[in-house]
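The values are calculated or read from the model by the stated rules, or taken from the named source; none is laboratory data. On a predicted model such as this, the values are computed, not experimentally measured, just so you know. Backbone-built Cβ (ideal geometry, glycine too); neighbour counts: all protein chains shown.
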């Protein structure tokens with residue numbers, strides 16, 4: 001081993017001083033631009049994770065960096081005790097992008113989910129007339145909505161859930177993609193159905209055609225809110241602004257995050273109409289940093305990038321190239337692939353290697369990706385990636401599978 005390499009020591013220090021709630025690849029990044037990362041030893045990597053879709057627009061997108069720099073020189077935080085000059089533009093432009101009346105800004109994806117849960121319950125009591133303390137929400141097996149104590153209470157992933165009880169009641173779990181089971185689970189006290197239009201953490205699982213329209217229909221018929229967690233799947237990732245758009249479905253509430261912060265600051269939001277978000281009154285929900293000036297300045301530029309449609313088109317067009325490359329490897333080490341836009345889940349033959357082993361071998365070849373659940377890998381390159389870069393990653397994946 002080269003004694004001058006900085007990576008081994010940096011990895012050791014991270015392991016020594018950090019709680020082991022993650023198991024990262026032994027790569028130590030020091031700089032990045034576009035779809036490329038550079039580590040502390042000067043080695044370059046092609047980013048095929050994009051911060052779990054937080055970096056949809058690539059690393060250090062010039063328009064987003066300029067907005068952040070300009071705002072840093074003026075104002076970064078006021079708290080919601082006051083109004084700042086970036087707030088209204090952000091909320092208005094995001095509401096218009098979503099086709100909704102109102103926006104409630106928060107910081108992290110989990111906060112957006114918690115906000116959605118609170119709003120749905122309050123709506124159920126004040127508007128639908130559910131008896132106090134009886135509201136329930138229908139969710140799906142294999143979900144990933146975050147890691148707060150309430151959210152892990154309805155997770156079916158034991159790594160995320162075990163030993164964090166007692167668990168929050170009020171959730172009914174049904175199989176993902178099973179409309180009949182979902183319909184049967186709705187009762188007079190159901191206030192919402194909370195779903196990911198595509199389950200990312202589960203391995204980019206796309207529901208059967210007609211499922212999301214069916215969910216929309218039954219929610220309308222039974223006076224239940226349809227909450228779409230588009231924190232990973234939204235904002236251009238799948239080749240449309242929202243994953244729900246692929247089947248013409250409009251939920252009652254969008255939960256957004258990750259890419260909304262442009263890879264610069266954490267930004268999340270709930271978007272819904274006034275008859276839903278209007279149930280909240282002053283003092284009933286909030287966040288010191290939610291909707292801060294720096295976050296709003298960056299997120300407004302994110303919304304403006306999406307408003308052009310350019311990134312949705314890129315994701316759709318380049319996604320077909322990604323699909324072709326991956327489908328060509330089925331039977332050559334891959335068992336199954338699932339692709340929607342520039343988002344893919346691939347199941348490696350478990351007799352060959354685990355997903356972790358595959359990601360380690362890809363990293364050794366200069367491509368960074370992330371495993372999930374055994375032999376499954378997720379791919380989510382930045383939407384600024386090129387055809388040549390996709391081809392490069394597919395060549396490296398093929399060589400890993402053939403090794």
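Structure above, values below:
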| item | result |
| --- | --- |
| Candidate set: the range 367-390, residues that are out of contact with any helix residue (DSSP H, G or I) (no Cβ under 7 Å at 6 or more places or on another chain) and more than 24 Å from residue 235 (Cβ to Cβ); chosen: the one surrounded by the fewest Cβ atoms within 10 Å (Cβ to Cβ) | 388 |
| Options 260, 326; residue that is in a helix (DSSP H, G or I), in the same structural domain as residue 90 (by TED's automatic domain parsing), touching a strand residue (DSSP E or B) at 6+ places or on another chain (Cβ under 7 Å) and in contact (Cβ under 8 Å) with a residue 12 or more places away in the chain | 260 |
| Subset of the range 10-22 [exposed (fewer than 12 other Cβ atoms within 10 Å of the Cβ) and either in contact (Cβ under 8 Å) with a residue 60 or more places away in the chain or over 30 Å from residue 390 (Cα atoms) (or both)] | 12, 13, 15, 16, 17, 18, 19, 20, 21 |
| Helices (runs of 4 or more DSSP H) enclosed by the range 27-103 - at least 2 residues per element that are in contact with a strand residue (DSSP E or B) (Cβ under 6 Å, 6 or more places away or on another chain) and in contact (Cβ under 8 Å) with a residue 40 or more places away in the chain | 87-98 |
| Unique match (being within 21 Å of residue 273 (Cβ to Cβ), in contact with a helix residue (DSSP H, G or I) (Cβ under 9 Å, 6 or more places away or on another chain) and touching a residue at least 60 places away in the same chain (Cβ under 8 Å)) among 120, 112 | 120 |
| Residue count, the range 114-159 (criterion: in a loop (DSSP other than H, G, I, E, B) and under 21 Å from residue 199 (Cβ atoms)) | 13 |
| Verdict on residue 180 being closer than 22 Å to residue 211 by Cα and without any contact (Cβ under 8 Å) to a residue 12 or more places away in the chain | yes |
| Selection from the range 239-257 of residues that are touching a residue at least 60 places away in the same chain (Cβ under 8 Å) and either in the same structural domain as residue 316 (by TED's automatic domain parsing) or not in a loop (DSSP other than H, G, I, E, B) (or both) | 243, 246, 253, 254, 255, 256 |
| Selected residue (only one of 158, 209, 201 is in contact with a strand residue (DSSP E or B) (Cβ under 8 Å, 6 or more places away or on another chain), in the same structural domain as residue 254 (by TED's automatic domain parsing) and either surrounded by fewer than 14 Cβ atoms within 10 Å (Cβ to Cβ) or more than 23 Å from residue 127 (Cα to Cα) (or both)) | 201 |
| Filter result (surrounded by fewer than 18 Cβ atoms within 10 Å (Cβ to Cβ) and either under 19 Å from residue 22 (Cα atoms) or assigned by TED's automatic domain parsing to the domain that holds residue 202 (or both)) within the range 348-360 | 354, 356, 357, 360 |
| Residues located in the range 37-62, provided they are over 10 Å from residue 368 (Cβ atoms) and within 22 Å of the chain's Cα centre (by Cα) | 51, 52, 53, 54, 55, 56, 57, 58, 59, 60, 61 |
| Search result, residues across the range 160-202 that are under 20 Å from residue 257 (Cβ atoms) and assigned to a loop (DSSP other than H, G, I, E, B) | 196, 197, 198, 200, 201, 202 |
| Residue match in the range 338-347 (condition: in contact (Cβ under 8 Å) with a residue 24 or more places away in the chain, part of a helix (DSSP H, G or I) and surrounded by 14 or more Cβ atoms within 10 Å (Cβ to Cβ)) | no |
